[in-house]
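> Before I ask anything, let me first share the structure, which is written out below as structure tokens.
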Amino acid sequence: ASAFVSHNGEMIHALRPDVKLGVGSVFKLAVLAELKKDIAAEKRSWTDTVALKETDRSLPTGYLQDWPVGAPLNLYTLAALMISKSDNTATDMLMDVVGRDRVAKALDLETVLKTRDFFQLKANPLEANAWRSNDAQRRRHQLEMLATLPLPPVEAVQTPRNPDVEWPVSTSHLCKLMEELGEDEIAAIEPGFATSGFWDHVTYKGGSTTGVLNLTHRVTKGEDAWCVSLTWNSDSGQSPTAINEIAASLLAALREEAKGQQ
């Protein structure tokens with residue numbers, strides 16, 4: 001387990017905050033952050049359109065895996081689906097737009113999986129074992145090979161947690177990404193477990209795969225901002241209810257703290 005709670009960017013509570021554990025779809029915050037840099041630099045526009053390719057298709061969660069090849073989608077729609085609905089196909093399309101290496105750097109990783117790569121490795125134990133032992137250069141070659149394989153069926157990827165086939169990111173780093181995004185409107189579409197009606201602004205991303213859970217929230221009140229990131233990895237399974245309750249309790253405590261500062 002790992003936990004990180006910050007106030008205006010400064011840590012106030014933590015449990016192994018710098019340990020890199022699997023965080024599932026929360027890695028998508030880095031894809032959004034890199035895309036926003038391109039938008040801010042006027043290298044791209046939210047209305048730029050990308051056509052869906054067969055090789056973009058990933059497995060759920062999401063909707064776009066069922067859309068027809070050639071469907072035109074603008075960058076804003078892809079980003080909104082990636083964060084609010086955790087659309088895996090939208091994520092992989094945006095990783096091609098901004099570049100895999102940039103996303104890896106934003107996550108402090110040597111190499112980073114697309115979601116389709118993740119499912120290929122989950123479905124192929126021999127490839128997963130090779131991934132574990134390969135160095136960064138060999139992993140890049142392996143990713144090129146995996147891209148040529150057909151998408152596996154959903155039942156083939158329902159395998160136990162493999163800590164080497166994941167997106168290992170620390171909770172402190174996830175809060176750093178949240179602070180970078182700030183009061184982002186796309187990250188605010190889904191509020192998570194923050195109490196609606198009290199906070200001025202809420203951004204959120206959650207992630208889960210077999211044996212992996214992460215919940216990362218950023219909430220603001222007036223000039224104050226708090227980030228709460230919780231990760232739980234387990235080989236024997238875990239209870240989403242438990243981590244959800246912990247996140248809700250922490251956010252409730254921060255709400256009381258914020259009330260006391262008014």
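> Add -39500 (n - 2.57) for each DSSP H run of 4 or more in the chain, then divide by its residues: what number comes out at 222 nm, to the nearest 500 deg cm²/dmol?
-12000 deg cm²/dmol
> Would you mind pulling out the separation of the Cα centroids of segment 216-261 and segment 45-63, in Å?
What the calculation gives is 31 Å, centre to centre.
> Highest mean first, what order results for 37-43, 86-92 on Cβ atoms within 10 Å?
Peptide ranking by packing, descending: 86-92, 37-43.
> Using only the heavy atoms of the protein chains and a 1.4 Å probe, how would K105, K114 rank by accessible area, largest first?
From most accessible down to least: K105, K114.
> Using θ = phi - 60° and the Karplus relation 6.51 cos²θ - 1.76 cosθ + 1.60, list the HN-Hα couplings for segment 175-185 in order, rounded to whole Hz, with x at every Gly or Pro.
Listing the rounded values in order: 5, 4, 5, 4, 5, 5, 6, x, 8, 6, 6 Hz.
> Over the C-alpha atoms of segment 56-102, what are the Rg and the largest Cα-to-Cα span, Dmax, in Å?
Over segment 56-102's Cα set, Rg and Dmax evaluate to 9.8, 28 Å.
> Along the positive direction of the dipole of the chain (beta-carbon charges: Lys, Arg +1; Asp, Glu -1; about the Cα centre), which of S236, A156, M82 reaches farthest?
Positive-end residue among those listed: A156.
> Quick one: 3J(HN,Hα) in Hz for segment 64-71, Karplus 6.51/-1.76/1.60 with θ = phi - 60°, rounded, Gly and Pro as x.
Residue by residue, segment 64-71 yields 5, 4, 9, 7, x, 4, x, 4 Hz.
> Using heavy-atom solvent-accessible surface (probe 1.4 Å) with all chains present, what is the largest-first order of M93, M11, M145?
These residues rank, largest area first, as M11, M145, M93.
> Using +1 on the beta carbon of Lys and Arg, -1 on that of Asp and Glu, and nothing else charged, what's the dipole of the chain about the Cα centre, debye to 20?
Computed about the Cα centre, the dipole is about 400 debye.
> What relative contact order, as a whole-number percentage, does the chain give when Cα pairs under 8 Å and 6 or more residues apart are counted?
25
> If you don't mind, there's one more thing I want to ask. Of all the accessible heavy-atom surface of the chain, with the other protein chains kept in place and a 1.4 Å probe, what percent is carbon and sulfur?
Ligands and nucleic acids excluded, carbon and sulfur reach 52 percent.
> I've got another one for you. Rolling a 1.4 angstrom probe over the protein heavy atoms, how many square angstrom per residue are accessible across the chain?
Here the residues of the chain average 46 Å² of exposed surface.
> Any idea how far apart E245 and D164 come out in nm if each label point goes 7 Å out from Cα toward Cβ?
Here the answer is 3.6 nm between the modelled labels.
> With a 1.4 Å probe and all protein chains kept in place, how do W131, W46, W67 rank by accessible area, largest first?
W67, W46, W131
> For the chain, compute the orientation-averaged projected area of the C-alpha convex hull (one quarter of its surface), in nm².
Result: a mean projected hull area of 13.9 nm².
> Hey, another quick one. Can you tell me how much longer the chain between A188 and K85 gets when fully stretched, taken as 0.36 nm per residue apart minus their C-alpha distance, in nm with one decimal?
Computed gain between A188 and K85 is 35.9 nm.
> Given a 1.4 Å probe and the protein chains all in place, what does the accessible area of V97 round to, in Å² to the nearest 10?
30
The values are calculated or read from the model by the stated rules, or taken from the named source; none is laboratory data. The model shown is predicted, which means the values in this text are computed figures rather than measured ones. Cβ coordinates were reconstructed from backbone atoms using ideal geometry, including for glycine residues, and neighbour counts include every protein chain displayed. To get the accessible areas, we keep the full protein, side chains included, count just its heavy atoms, and leave off ligands, DNA and RNA. Shrake-Rupley method; radii C 1.70, N 1.55, O 1.52, S 1.80 Å.
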